[in-house]
Each structure stands twice: as C-alpha cells, then as structure tokens.
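Everything on this sheet refers to the single structure shown next.
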Ligand SMILES: Cc1cc2nc3c(=O)[nH]c(=O)nc-3n(C[C@H](O)[C@H](O)[C@H](O)COP(=O)(O)OP(=O)(O)OC[C@H]3O[C@@H](n4cnc5c(N)ncnc54)[C@H](O)[C@@H]3O)c2cc1C
C-alpha cells in the first residue's frame, strides 16, 4: 500500500492502565494499511514538530487511527498528552512488514506490555473480517507478559478475542501476580512455551516489543531451537525498557 501523509484530529483519549493511554485520531477513508503496520506521527512541540513511530492498534476496518503508549514524561509524550480533543497531528504511513500470515498453520505471538499494539490490530481485524482467508484449523497462541494483572493492556478485548476467534488461546504471564493468580508468573520462558505449544518446531513465532523484550524472546527462541527464519520480529526501537 502506497504511503501517504494526512492530518488527523484527536478524537478520544482512553486510559488503558495506570501509565498507558490510547489516543484516537481521525483518518481519511483513502488511507489504507494492513493490520500490524506502523506509521509516523508528528505533534506540535515548543520548538517545532516532534516525531515518533507507532504501530497501528486499530484494525483496518475501524474508522480512526489508534496509538497506545506509556507516558514516560519525554518531550514527545508530554506534547502528545497535552493535545486537546480536536487538535491536529500529522501522519505518514503505512510502513512495515509485520503482517499476519493467513497461511501459517500455527502462530505463536510472544510479547509483553506495550508490544501488544500490533497484535491487537491483527486480532481485531480477524474479528472484523470473520477470519476470512485463514487456513482451516489455524492455531494461534498469544503469550502476553504484563507486570501486574491490573496492568494488562486491552485485557477485556483479549478475553473477547479468545472467546470469538477460533483456535486462539491467550496465555498471560504476570511478573508480580496477585495472591489469587492461578496462571503463569514471572517472565515468558522456554519452559512455558514448551508446555503450551508441545511441538515447538511446528510454529511461526511473532516477536514484538521494546528492545529488551526482543532480546529476551530471541534467547527463548535459541533455547527451543527455533531458527530465525521461523520468526517475524518487530522491535520498538526507541524504548529503553
Ligand atoms: C516500528 C515501531 C513501532 C512502535 N510502536 C510503538 C507502540 O505501539 N507504542 C509505543 O509506545 N511505542 C512504540 N514504538 C516506540 C516509540 O516510537 C518510542 O520510541 C517510544 O514510545 C519511546 O518514546 P519516548 O518519547 O518515551 O522516549 P524518547 O525520549 O523518544 O527516547 C528514549 C531513548 O530512545 C532513543 N531513541 C528514540 N527514537 C529512537 C529510534 N527510532 N531508534 C533508536 N533509538 C531511539 C532516544 O535517543 C532516547 O535515548 C515503536 C517504534 C517503532 C520503531
């Protein structure tokens, strides 16, 4: 899809957790992208426009652009968060090859925290399109690491996806779980991947998130003996942690 530029107006701010917020902007109907792609946004700053890249959280079938981010107190994030409804930002996109493989029999997503953004786009798109184009019997497993159970971003939607997308399982791994947590705790490890997937060699692995997440999941891939050709990786360059 040919990249284009457009101006979007802020429509809504949606808190997702104590430090994470979604920002919805208008987008023109002629803007086309594929779930999993990203864009560049420029917001007005004190000394001129401030630019950052974000994955689309929105599905192509939705009518707005949605980006979700952790508010770090950076100059960019402060400028983004100070926008009022109706204020405009400049967009350029789409970019990227982190695209859903409809013909892969088994896909495992490995992500944590903010890395859920392009996965949310893909899963929402599967719901919006009723899974059109998926190979029959396709299995999907989302391993999603979060610091706390309260901090799971898109928690309710992930429950909804698991209920309505055939073949999808969502496995939460919580670093600091509450006392009554019965799922996995700690970090996503090769033991968890093996326990949930069985024949680990038969899967395509989608790894996405800030650089430390990518490094950790590459180590897991080495431990379960998965060659790089069997992985699809999107690193959020620019995130320190
Ligand atoms: C393809 C892609 C998709 C992304 N999707 C998301 C998303 O969905 N949600 C989200 O929150 N973030 C996403 N990011 C990361 C985002 O662009 C910001 O870098 C991140 O949010 C941190 O911004 P900041 O303003 O808090 O930190 P900053 O103050 O901008 O940067 C923190 C540190 O990173 C360095 N840095 C900044 N940009 C880059 C860069 N491009 N490459 C290497 N180092 C850099 C800075 O020099 C600084 O040391 C994505 C990045 C990429 C490349």
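State the number of residues belonging to the stretch 190-215 that are surrounded by fewer than 18 Cβ atoms within 10 Å (Cβ to Cβ) and outside any helix (DSSP H, G or I).
3
Within the stretch 37-57, identify whether any single residue is away from the ligand (no atom under 14 Å from the Cβ), surrounded by 14 or more Cβ atoms within 10 Å (Cβ to Cβ) and in contact (Cβ under 8 Å) with a residue 60 or more places away in the chain, and answer yes or no.
No, there is no match, as no residue in the stretch 37-57 is away from the ligand (no atom under 14 Å from the Cβ), surrounded by 14 or more Cβ atoms within 10 Å (Cβ to Cβ) and in contact (Cβ under 8 Å) with a residue 60 or more places away in the chain.
Can you tell me how many residues in the stretch 69-118 are buried (at least 17 other Cβ atoms within 10 Å of the Cβ) and more than 10 Å from the ligand (Cβ to nearest atom)?
Adding up the residues that qualify gives 14.
Hey, among 165, 171, 214, 152, which residue is within 15 Å of the ligand (Cβ to nearest atom) and either touching a residue at least 24 places away in the same chain (Cβ under 8 Å) or not assigned by TED's automatic domain parsing to the domain that holds residue 54 (or both)?
When all the criteria are applied, what remains is 214.
Of all residues in the stretch 58-68 being more than 9 Å from the ligand (Cβ to nearest atom) and surrounded by 14 or more Cβ atoms within 10 Å (Cβ to Cβ), which is nearest to residue 123 (Cα to Cα)?
Across the stretch 58-68, the extreme among qualifying residues is 59.
Check off (1) under 19 Å from the mean Cα position of the chain (by Cα); (2) surrounded by 14 or more Cβ atoms within 10 Å (Cβ to Cβ); (3) away from the ligand (no atom under 16 Å from the Cβ) for residue 138 and give me the number that stays unchecked.
Evaluating residue 138 over (1) under 19 Å from the mean Cα position of the chain (by Cα); (2) surrounded by 14 or more Cβ atoms within 10 Å (Cβ to Cβ); (3) away from the ligand (no atom under 16 Å from the Cβ) leaves (1) as the failure.
The values are calculated or read from the model by the stated rules, or taken from the named source; none is laboratory data. Computed from a prediction, not measured in an experiment: that's the story for all the values here. Ideal geometry is used to build each Cβ from the backbone, glycine not excepted, and the neighbour counts take in all protein chains shown.
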